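Data block below; observations after.
The values are calculated or read from the model by the stated rules, or taken from the named source; none is laboratory data. Keep in mind the model is a prediction, meaning the values are calculated, not measured. FYI the Cβ positions are ideal-geometry reconstructions off the backbone, even for glycines, and counts take in every protein chain you see. Note: areas computed on protein heavy atoms with side chains; ligands, DNA, RNA excluded. Shrake-Rupley method; radii C 1.70, N 1.55, O 1.52, S 1.80 Å.
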Amino acid sequence: MNEVINKLGQEYVSVDLLEKLVYSHDLAVLPKFVKPLFDTTPVAIVRPKTTEHIAEIMRLANEYRIPVIPRGGATWGFGGTIPVKGGIILDLTGLNRIVHFDEKNGLLTVECGAVWEDIMHFLRETRWKLPTYPSSALSSTVGGWAATGGIGYGSLKYGPFLKNVVKATVVLPSGRIVVVDDKSNPNLSQLFGSEGILCIFADLTLKLIPKSDVEVPFMANFSNFANALMSAQEVLRLTSPHSLVLKAFGFVRTKDYVESDTYFFGCVDGNRYEVYKQYLTLDNIVNRYRGYLVPEDEARREWEERFYTLKIKKWGPSILGNEFIIPTHKILDMVKYCWQLGNQAHLDVEVEVMFISRYKALMFQLFLCDERKSLRYLMSAAITKKVLDAAIKAGGKPYGYGLWNFQFMERAEPEKKRELKRIKRMLDPWNVLNPGKMIEVRLRLGFPLPGKLYSMFMDGMWFLRRVM
Amino acid sequence: MFILPKLHLENVFACAQCGYCVKKCPTYYFLGWESASPRGKIFALKEFLGNGGKLDEQKLRKLGKPLSTRIFNCTLCGLCKEVCHTEIDVLEIWLKIREILYEHRLVPQGVIKLSEIIQQSKNIYMMDNVSRTDWVTYTSADVNFKDSAEVVYFVGCITSFSGRVQSIAQAFSSILNSMNEDWTLLKDEWCCGHPLVLSGGIKEARTFALHNVEMIESIGAKKVVTGCPGCYIALKHEYPKLLGKKPGFEVLHSTQLLNSYITSGKLAVPKADVKLTYHDPCELGRISGIIQEPRMVLQSITDTFIEPKYFGRESICCGSGGLLKLVNPYLADNLAQRRYEILTSTNADIIVSACPACVQTFTQTATTMQDGKRVIDISQLIAEQLSLI
Ligand SMILES: Cc1cc2nc3c(=O)[nH]c(=O)nc-3n(C[C@H](O)[C@H](O)[C@H](O)COP(=O)(O)OP(=O)(O)OC[C@H]3O[C@@H](n4cnc5c(N)ncnc54)[C@H](O)[C@@H]3O)c2cc1C
């Protein structure tokens, strides 16, 4: 660590005990019994201020074979930022500057630690806006989204994040700084979504879109899920909204705290006439499926609240969640299955469906539970495995692997896994960049954790959960 | 072994770790490390708690000191509560933890010292409490010491003792006089006890609440008015909790009273040709919800009222909250400078606030920055406009 301190300066490095504790986790709660399997405590945390700092750390990591774990806003829940065999956590939030704004062409270069909300603020006074951003925009970083899914509000109309990036400066595991785009080797799409195991995004050049004349939020209530879903699909067929999100609740324990109706909300943008026409069509469709559009101010409130997607957690107080991409014609089956599982485990569930296109959606389910009951929590955690099993069977795939979903990659995307392994071997022969994630997981003592064994263990937990 | 009340405990566990509070936190803004953020601190607290809300004494012994440093590197401005995804009363948690740290004598040395000073001298400055009303002589204010009155003006330690802001008391007294209020000062006002609550010394604060309430009730006052948001919170919200009953008087902040004078037509202030901006004190605006009243007063005085970046519920702290100035003056200065720069970037002629601590802090910053910007309290502005001072 002394060398790191010498190269970067004391103020950028911490080995404080409390600091190590608070950097040893992400959004998800690690079940007590799982924690000892990994060495989740970093040896140090480094807050680089420049791309050169990152490169320096990577060079040292190679020299001393120390794992380096990139970390943005730590809002991803699949264990991507949790150390599994100690190492250095690179807190990238200090790299948050606007590097360049090409106002004429609507191109914005930002450092990886920039938070989406700050970029939105920056663009307020300009004629440009972001085509897409995640619903965690108030705290997640640009680099974090490039490293993970890249699907969010606006993706329905303007495509995923990847489609809206021109180029990026990345630090390779060797410490080499390179600029990547569509044509480079490796190229942008190979590195996008690589969950911090192939490279560290240092800065990205984002493609912006001109602000629309109007943005009109909408929200429609329905008394049952099937109608809401059919209505949403019809809306997608006949209009082109900026975003469309469907929400449903399955309450088994408590009936009184949130309406158990189904609703969808979103926003239409464009020129005034076009938006007006779309809104009328939307109203028509919603009525046909026996729903109703709420008044505009209520819809606007819901839209403004769109970043607060975990509100329900306060009643848990914990949640067990997972996300997957699913063909739209399988949504109904999956929602019913989530409710069925919730019923079996006696857990309330919220389901959120964010449409990506007419044919695909990102589905997100939250089961309410209580982490303080450690054993029960561990057993309940198996519910997320059941959901993913069903999603893969239905032609879907997990929306991220990290530490917790690694076992599904072989089944869901075997070719992608092989390709990732190949690039990983080539770029990171010493396996120093975020090891033990996505394509393989190793336990504290260095033994690989076989996906099948893990899978069987989770099935066993689920069995116990149901009988106990 | 301490057991947190159920609500507090569940609150800690309800944290989504979404990080919406991180970037907003004014001290994290400068410190940058996760443990300085509300999210980081909540996570650490979770690790300190076992099942049933029992605090792990062993962990507390091992990590109590570094935890305490983090807990006190906070202005208790409440922005974290404002943006909380799961609507946790984060502010309550910070206070509760300070209480626990205080009982374990794990609070920073300066905080222990302050608590001793207050208990000994009944004010935060270790002054002879008899000199609390010396400001009357220094400012030649026309004040009353009555045995019975309708209104008590509770001045507070900072306004009473700090030369920089004593003119706030002079100004407010002159307004009360001009409104023909039947008012008085307390003959033996003690510190409101709020700094003790912020230190974690709840038991100690109770003695102060008892004394002040007894004094006010002996006068038979129906209203107590104060210009200090800290005293306001103590009198209005903390005393009922500390004493287990609601005192028999109404508590007002000076801006509420001023606004009621103006809206009822009792007070007409001549318009001034000045550009004003207003800094919402955290404890008055976000925490107490008094946001509109000072604005209505200011808008009646000027046609050029400019809102700074971050105002109302989103206002950011001047650095003097939560005892930060005592614990980490360097960090507090950084916060003050950041906010001051935001306020001056409005190009207003005068920066107005409604808190002696904020006014004192920014006046000091203005001196350091040598840009000669005038910083005053809203009562001073009114008294000047009315040529009362
Ligand atoms: C309320 C809420 C709403 C959400 N909504 C969405 C949504 O709409 N869409 C969506 O896709 N996700 C969503 N997420 C998940 C998460 O916020 C996103 O994946 C986000 O982009 C992660 O960014 P981060 O900065 O928090 O990354 P982190 O959580 O810090 O890191 C995530 C992964 O990326 C790696 N990483 C981080 N930064 C870099 C970098 N610069 N270079 C290389 N690797 C890096 C890490 O090692 C880790 O594996 C949501 C989460 C929450 C809490």
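Of all the criteria given as (1) within 11 Å of the ligand (Cβ to nearest atom); (2) crowded, with 22+ Cβ neighbours inside 10 Å, the one not satisfied by A:Val165 is (1).
Hey, among A:Leu420, A:Leu388, A:Leu366, A:Leu362, which residue is touching a residue at least 40 places away in the same chain (Cβ under 8 Å), in a strand (DSSP E or B) and more than 14 Å from every other protein chain (Cβ to nearest Cβ)? Exactly one residue qualifies, and that residue is A:Leu362.
Looking across the range A:72-115, the residues that are open to solvent by 30 Å² or more (accessible area, probe 1.4 Å) and not hydrophobic (A, V, I, L, M, F, W, C) come down to A:Thr75, A:Lys85, A:Asn96, A:Arg97, A:His100, A:Asp102, A:Glu103, A:Lys104, A:Asn105.
Residues in the range A:118-133 that are closer than 21 Å to A:Leu162 by Cβ and not β-branched (Val, Ile, Thr) were compared, and the one that is nearest to the other protein chains (Cβ to nearest Cβ) is A:Met120.
Here the range A:134-162 is the region considered, the condition is being among the hydroxyl-bearing types (Ser, Thr, Tyr) and open to solvent by 20 Å² or more (accessible area, probe 1.4 Å), and the residue that is farthest from the other protein chains (Cβ to nearest Cβ) is A:Tyr158. Determine whether the range B:64-85 contains at least one residue that is in a loop (DSSP other than H, G, I, E, B), within 16 Å of the ligand (Cβ to nearest atom) and either at pLDDT below 90 or out of contact with any Asp or Glu (no Cβ under 6 Å at 6 or more places or on another chain) (or both). Yes; the residues of the range B:64-85 include at least one that is in a loop (DSSP other than H, G, I, E, B), within 16 Å of the ligand (Cβ to nearest atom) and either at pLDDT below 90 or out of contact with any Asp or Glu (no Cβ under 6 Å at 6 or more places or on another chain) (or both). Here the condition is being touching a Leu at 6+ places or on another chain (Cβ under 7 Å) and closer than 30 Å to B:Val269 by Cβ; of B:Thr184, B:Thr133, B:Thr159, B:Thr139, it holds for B:Thr133 alone.
Just one of the listed residues (A:Glu11, A:Glu56) is away from chain B (no Cβ under 14 Å), surrounded by fewer than 22 Cβ atoms within 10 Å (Cβ to Cβ) and not in a loop (DSSP other than H, G, I, E, B), namely A:Glu56. Screening A:Arg97 on (1) touching a residue at least 24 places away in the same chain (Cβ under 8 Å); (2) in contact with a strand residue (DSSP E or B) (Cβ under 7 Å, 6 or more places away or on another chain); (3) more than 11 Å from chain B (Cβ to nearest Cβ); (4) of a type outside the set (Asp, Glu) shows it passes everything except condition (1).
Taking the criterion of being more than 8 Å from every other protein chain (Cβ to nearest Cβ) and open to solvent by 10 Å² or more (accessible area, probe 1.4 Å), the residues of the range B:40-51 that qualify are B:Lys46, B:Leu49, B:Gly50. Out of all the residues in the range A:182-194, is one or more near the ligand (Cβ under 8 Å from one of its atoms), hydrophobic (A, V, I, L, M, F, W, C) and in contact with a strand residue (DSSP E or B) (Cβ under 8 Å, 6 or more places away or on another chain)? There is no residue in the range A:182-194 that is near the ligand (Cβ under 8 Å from one of its atoms), hydrophobic (A, V, I, L, M, F, W, C) and in contact with a strand residue (DSSP E or B) (Cβ under 8 Å, 6 or more places away or on another chain). The set of residues in the range A:391-405 being assigned to a helix (DSSP H, G or I) and either within 14 Å of another protein chain (Cβ to nearest Cβ) or open to solvent by less than 10 Å² (accessible area, probe 1.4 Å) (or both) consists of A:Ala391 alone. Scanning the range B:242-296 for residues that are polar (S, T, N, Q) and either touching a Gly at 6+ places or on another chain (Cβ under 9 Å) or over 30 Å from B:Ile202 (Cβ atoms) (or both) turns up B:Ser254, B:Thr255, B:Asn259, B:Ser260, B:Thr263, B:Ser264, B:Thr277, B:Gln292. Evaluation of A:Gly159 against the conditions (1) within 12 Å of the ligand (Cβ to nearest atom); (2) under 24 Å from A:Val235 (Cα atoms) shows that the sole unmet condition is (1).
Quick one: would you say B:Glu116 is charged (D, E, K, R), open to solvent by 10 Å² or more (accessible area, probe 1.4 Å) and at pLDDT below 95? Judged against the criteria, B:Glu116 is not a match.
Whenever a residue of the range B:291-305 is more than 14 Å from B:Thr263 (Cβ to Cβ), its partners that are open to solvent by less than 60 Å² (accessible area, probe 1.4 Å) and assigned to a helix (DSSP H, G or I), lying with C-beta atoms within less than 6 angstrom and at least six residues away or across chains, give the pairs B:Ile291/B:Gly312; B:Phe305/B:Leu298. Regarding the range A:205-214, can at least one residue be identified that is of a type in the set (Asp, Glu), at pLDDT below 95 and closer than 29 Å to A:Asp102 by Cα? So far as the range A:205-214 goes, yes, one or more of its residues are of a type in the set (Asp, Glu), at pLDDT below 95 and closer than 29 Å to A:Asp102 by Cα. Which of the residues belonging to the range A:195-212 are open to solvent by 20 Å² or more (accessible area, probe 1.4 Å) and within 14 Å of the ligand (Cβ to nearest atom)? Listed by number, the list holds a single entry, A:Asp203. When the test is whether a residue is surrounded by fewer than 22 Cβ atoms within 10 Å (Cβ to Cβ), in contact (Cβ under 8 Å) with a residue 12 or more places away in the chain and within 12 Å of another protein chain (Cβ to nearest Cβ), B:Leu55 does not pass it. Total residues in the range A:14-47 satisfying the condition of being open to solvent by less than 30 Å² (accessible area, probe 1.4 Å), of a type in the set (A, V, I, L, M, F, W, C) and touching an Asp or Glu at 6+ places or on another chain (Cβ under 8 Å): the figure is 3.
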